[in-house]
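Report on one structure; see the data block that follows.
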């Protein structure tokens, strides 16, 4: 178990594979998962000669089940602490869903020279919640429903999400992967109920507008056009308007979990962006 201890005493689990002098790619997982969600991408890029890093966000996976600090500023501070510990320079940060919010919040505040590029996949910015500025967002009732389902029967909720909208397995003709569903459930149940509950507000109510505007580095947005969890019109198609140096690549028919259902396609596009 490779662990880092943050300033507030929270132990964060992380993986660090590959030559330490190689170009680094750091992966940031979605809610309520863990670094294991990136196994395919980490092995792919490791075999391409990259150094690959991924951590379990506080409250998730093998990291401490914190009852405090389960919000975006602390998540980003934890990333900064890990980056400093590993002395990562010119790294590419890749975030999915909640992890995409974590990436843009971290990158907007990062030390010069620490980051070269960023990738947001099915990511939550600028904000998931419906607001006067973003009327196309989702109503609070959706996220209240998440909290109710988690508190009532987290184990069942964590089966229902991957079995249905997350991977698009509720669509007619979908090729359902029982392994993906079970692995999603396994990762989710490793984390803590309290931090998972708190993180719902973090991923839905955090406004990343100013973070997006502040990042001048190249940013690639990758988003499935059939994303039922983070609808593309309220997220990526709004975020691209705010990024000074952004590129949007969309995928017809693909779901929120597109990098898991179509890894060959996503890995190739990631590689092309990183090497460009």
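Please compute, over every Cα-Cα pair in the chain, the percentage with a separation greater than 24 angstrom.
44 percent
Given Cα pairs under 8 Å that are at least 6 residues apart, what percent is the relative contact order of the chain?
20 percent
Mind giving me the nanometre distance, one decimal, between the label points for residue 11 and residue 40, set 7 Å out from Cα along Cα→Cβ?
Computed distance between label sites residue 11 and residue 40 equals 3.2 nm.
Over the chain, what is the percentage of antiparallel beta bridges among all DSSP beta bridges, to the nearest 5?
Antiparallel: roughly 20 percent of the beta bridges in the chain.
Arrange the following residues from fewest to most other Cβ atoms within 10 Å of their Cβ: 216, 97, 110.
Fewest to most other Cβ atoms nearby, the residues stand as 216, 110, 97.
Would you mind calculating the relative contact order of the stretch 1-146 from Cα pairs under 8 angstrom and at least 6 residues apart, reporting the percent as a whole number?
This gives 21 percent for the stretch 1-146.
Calculate the tail of P(r) for the stretch 24-151: the fraction of all Cα-Cα distances greater than 17 Å, expressed in %.
Every Cα pair in the stretch 24-151 considered, those over 17 Å come to 61 percent.
Could you tell me what fraction of 2.2 N^0.38 Å the Cα radius of gyration of the stretch 88-184 comes to, as a two-decimal ratio?
Normalised Cα radius of gyration, the stretch 88-184: 1.35.
With contacts defined as alpha carbon pairs under 8 Å and 6 or more residues apart, what's the relative contact order of the stretch 190-253 in percent?
About 37 percent, as a whole number.
Under a crude label model (7 Å from the Cα following the beta-carbon direction), how far is residue 247 from residue 170 in nanometres?
3.4 nm
Measure of size requested: the Rg and Dmax of the stretch 203-269, with Cα atoms as the atom set and Å as the unit; please supply both.
12.4, 33
In whole angstrom, how far apart do the alpha carbon centroids of the stretch 93-167 and the stretch 207-276 sit?
One Cα centre to the other: 13 Å.
Each value in this text was obtained by applying a stated rule to the coordinates, not by laboratory testing. Nothing here was measured: the structure is a model prediction, and the numbers come from that model. Ideal geometry is used to build each Cβ from the backbone, glycine not excepted, and the neighbour counts take in all protein chains shown.
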